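What follows is calculated from the coordinates using simple rules that are stated; it is not laboratory data. Everything numeric here is computed off the predicted structure, so don't read it as measured data. Cβ coordinates were reconstructed from backbone atoms using ideal geometry, including for glycine residues, and neighbour counts include every protein chain displayed.
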Amino acid sequence: MHTTKLTKVGNSTGLTLPRDVLAAADLQRGDAVSVEVREGRIEISKTDDGYNRAMDIGRRFSARYRRTMDILSK
């Protein structure tokens, strides 16, 4: 078990995770993570990359074909 402190980061609060904890969770600096609270515990997990890729594709599609979608919606 590791102990760490919560620190002030701008108007938010941050948590520093030791390198070995990140490695054990298969996380790296810059990874997108999901944060959930369950039964008073904070759970941090790697975000599903497939979902993020699909959302990025959808956003690019919407931006590229915005006028076409506007016409079709009428």
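Structure summary
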read-out	value
Ellipticity estimate at 222 nm from DSSP helix runs (n ≥ 4, -39,500 (n - 2.57)) divided over the chain, nearest 500	-11500 deg cm²/dmol
14 Å beta-carbon shell around SER73, net charge (K/R +1, D/E -1)	+2
Qualifying chymotrypsin sites (Phe, Trp or Tyr not before Pro) for segment 2-74 [loop in DSSP, other Cβ within 10 Å: at most 12]	TYR65
On Cα atoms only, tilt of 49-64 relative to the major axis of the chain in degrees	30
Using a Förster distance of 30 Å, the FRET efficiency for SER34-THR3 (Cβ separation, nearest 0.05)	0.80
Pair-distance profile P(r), taking every C-alpha pair of segment 1-63, with 10 angstrom steps and integer %	16, 40, 29, 14, 1
